[in-house]
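The values are calculated or read from the model by the stated rules, or taken from the named source; none is laboratory data. Bear in mind that the values here come from a model prediction, so they are computed numbers and not experimental data. Cβ atoms come from the backbone with ideal geometry, glycine included; neighbour counts cover every protein chain shown. With ligands, DNA and RNA removed, areas are computed over all heavy atoms of the protein, side chains included. Shrake-Rupley method; radii C 1.70, N 1.55, O 1.52, S 1.80 Å.
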Amino acid sequence: MKHEVQLFTSQHKSFTFCDFDWKPTSFLSDQPDSEKRDIFFLKYNQIYVWECGLHSGKKIIESYLYYKEEFTEHITFRDSSFILYDSANDTIIAARDFMGNYPLYYFALPEENVFTFSFSMNALLASRLFIPAINYSKIIEYIACNIHALPNNQTFYQHVYRLLPAYVLCIKQDTINDFKRYGKFDLTKYQSFTDTEYIERFQQLFIESVQKNTDSFKKIAATLSGGLDSSAVCSVAQSLRNEPIHTFNFATQTAKAHENEFIEAVVNQWHTIHQTVEPGCSNYEAIRKLTELNGQPCFVFNYTIQLDLIEAAKQNNCDIFLSGHWGDQVVNYGTQYIQELVDKEEWAKAKMAIKQSFDYSLSVVKSAGSNSKKDKKKSARLYALRLLLGKEKRKQSWSNIPQTLWILYKEFDCRLEDLFTIFSQKIRHTKQITPPKIDKLIRPETLAECTRMKALYPPETLDISTTINAPISNAQKQHLNVIFKGNQTYGQEEYFEIYRQNSLRSAQPFFDADLIELSLSIPLRIKFDDGRKRGTLRKALTDYLPEKIVNRTTKAIFTDHYLHLFISLYADFEAHTPSDHPIWQIVNRTTFEENVKIVLNDQHHVHQKQVVMPPLVRIIHLAVWLDYTEQQKK
């Protein structure tokens, strides 16, 4: 669906807002009109507000009038991104929502007093207010595929930035005079909670998150894969509605990814209208369409199915699409509970926790191999060895190794043969296939340009230490890193843009600030759940989820499915990419093709292929995006 870009340009010509289909909303109204829109525009005297999210425009203006100069110190609108323009005082204040659910981009040339804002990268590009130039430093970061990296403010275009989650930017008289993060997670409010209170509050906040995301929408669509997360979203969403919601799963090419028995359990209990969606076009064609919708290379490989899910939802006249995305990251598995016990030297509890973990772990993956007691015991001993020796390695306290080995023998029944197993595995691991090195994969001149641009425009990276109001444990720090990692933020932006341009709102109820604040505070012991893991969700939604879902310890395997996707994608890429394509000015073609041969070689195990696939997939995505940028120039 093509939309016209609308522009608002200030009288000073320094501020422009551009986006699709924004219309005035009455300042006197507490609720938006019945027309479903993503952007609301309010004007009060000489104050203008564009807001994307859960409609807080009136409160934003009232707060700005009340606090005046101190407004940025009192931003509490967690569920909205907004731009406020005060023409009388020549002030621009832009703020992104707390979790980054709603994108906010801006083109900035401060030395020329030019600032252009939008909630859509595509609208920003379509405005033709500037000539987009490639940001090579972002390209290198993209191909490197560091899944643990935190998000930064750089985009694929020079001078075009994203406002990071919960960041506020203040511009006065054409000068940036404030750029900071607002608000913090309060990890002190739940300190006195009992186990029961944690579970009850999680249930309450999760239901509230589903409700606030769906309240103003008529027909709900939702992904139902059969996993814990999607089942939780679908079950709660249906419990809040009298009419059946529409649920969808996508057809996979491999038996190991099938979840039909779990999908049926949810459908039978809640009587949703369910449909299995078949792929409608090639993976390459899907990536091309998604790139046109998003204006940037796709960050997540499995987005090819999104077009088919969107089409199915539209055919059923749905206006919002829910998913269980980010559930794993928010709920947390609680596996660090074992590390916590080891750090406290509570050996008996640690041994029991390791045993409990391995009682379930071999059934987590359906084809995990032997499930014998002997294998489980050996796996538990090897796990304890790696855990305790790894702890000494991190501390570099080599003098403690003899004592640690004695503890492993006495408390965990470890044997000399286990030590030899660890060393032999280490030797084999060094001989295994490794991801392609970025300096081999990228051409030297591109790396040099990346270094130059980083020096000129150093990226602003999200600082998670500014997100909390109290000291946190290592486990909580790792949990925060997982929640705020770059792929999460960039993935949310893609979801929003792709669904929005198809007249659908996408929503991920797990990715809610209040729910995350609670989850960060819940003790690891509750999450670990005697080895079942994800205990918070299982216990909180026992009354909503089918028993089969609550107690499931298996997990679908998508490795073969992703391999099929890659083979199809690469075949189309090869057919559409000539030898003089711009991608080969960035990427070393020889190194790329050497790594493709590894993936296509039947002698390599699928898990080894997975190691090299991510950067190859992104290079293909990048080539499609380069074609898109060339078309935009024309």
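What the table below lists for this structure:
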| read-out | value |
| --- | --- |
| Given (1) of a type in the set (S, T, N, Q); (2) closer than 24 Å to S120 by Cα; (3) open to solvent by 10 Å² or more (accessible area, probe 1.4 Å); (4) not in a loop (DSSP other than H, G, I, E, B), index of the condition T291 fails | (3) |
| Among (1) at pLDDT 90 or above; (2) farther than 27 Å from K344 by Cα, the one test that D439 misses | (1) |
| Selection status of F98, modelled with pLDDT under 95, under 24 Å from the mean Cα position of the chain (by Cα) and crowded, with 17+ Cβ neighbours inside 10 Å | yes |
| Odd one out for K597 among (1) among the basic types (K, R); (2) in contact with a helix residue (DSSP H, G or I) (Cβ under 6 Å, 6 or more places away or on another chain); (3) surrounded by fewer than 17 Cβ atoms within 10 Å (Cβ to Cβ) | (2) |
| Among (1) open to solvent by 20 Å² or more (accessible area, probe 1.4 Å); (2) farther than 30 Å from K527 by Cα; (3) modelled with pLDDT of 95 or more, the one test that Y544 misses | (2) |
| Residue satisfying all of: in the stretch 101-129; part of a helix (DSSP H, G or I) and without any contact (Cβ under 8 Å) to a residue 12 or more places away in the chain; surrounded by the most Cβ atoms within 10 Å (Cβ to Cβ) among these | E112 |
| Subset tally (residues that are closer than 20 Å to L405 by Cβ and either at pLDDT below 85 or small (G, A, S) (or both)) for the stretch 345-381 | 5 |
| Conditions (1) assigned to a helix (DSSP H, G or I); (2) in contact (Cβ under 8 Å) with a residue 40 or more places away in the chain: number failed by L341 | (2) |
| Residue that is modelled with the highest pLDDT [pool: residues in the stretch 321-344 that are of a type in the set (A, V, I, L, M) and surrounded by fewer than 23 Cβ atoms within 10 Å (Cβ to Cβ)] | L341 |
| Residues of the stretch 61-91 satisfying the condition of being among the hydrophobic types (A, V, I, L, M, F, W, C) and out of contact with any Lys or Arg (no Cβ under 8 Å at 6 or more places or on another chain) | I61, L65, F71, I75, F82, I83, L84, A88 |
| Criterion (under 19 Å from the mean Cα position of the chain (by Cα) and closer than 28 Å to F71 by Cβ) met by exactly one of N177, N146, N152 | N152 |
| Only listed residue being among the basic types (K, R) and in contact with a strand residue (DSSP E or B) (Cβ under 7 Å, 6 or more places away or on another chain), chosen from K189, K212, K218, K184 | K184 |
| Qualifying residue in the stretch 82-93 (condition: touching a Gly at 6+ places or on another chain (Cβ under 8 Å) and under 18 Å from L164 (Cβ atoms)) | yes |
| Search result, residues across the stretch 472-491 that are of a type in the set (S, T, N, Q) and assigned to a loop (DSSP other than H, G, I, E, B) | S473 |
| Close pairs from the stretch 203-218: first closer than 17 Å to L537 by Cβ, partner acidic (D, E) and open to solvent by 20 Å² or more (accessible area, probe 1.4 Å), Cβ under 9 Å, at least 6 apart | Q203/D543; L205/D514; E208/D514; S209/D514 |
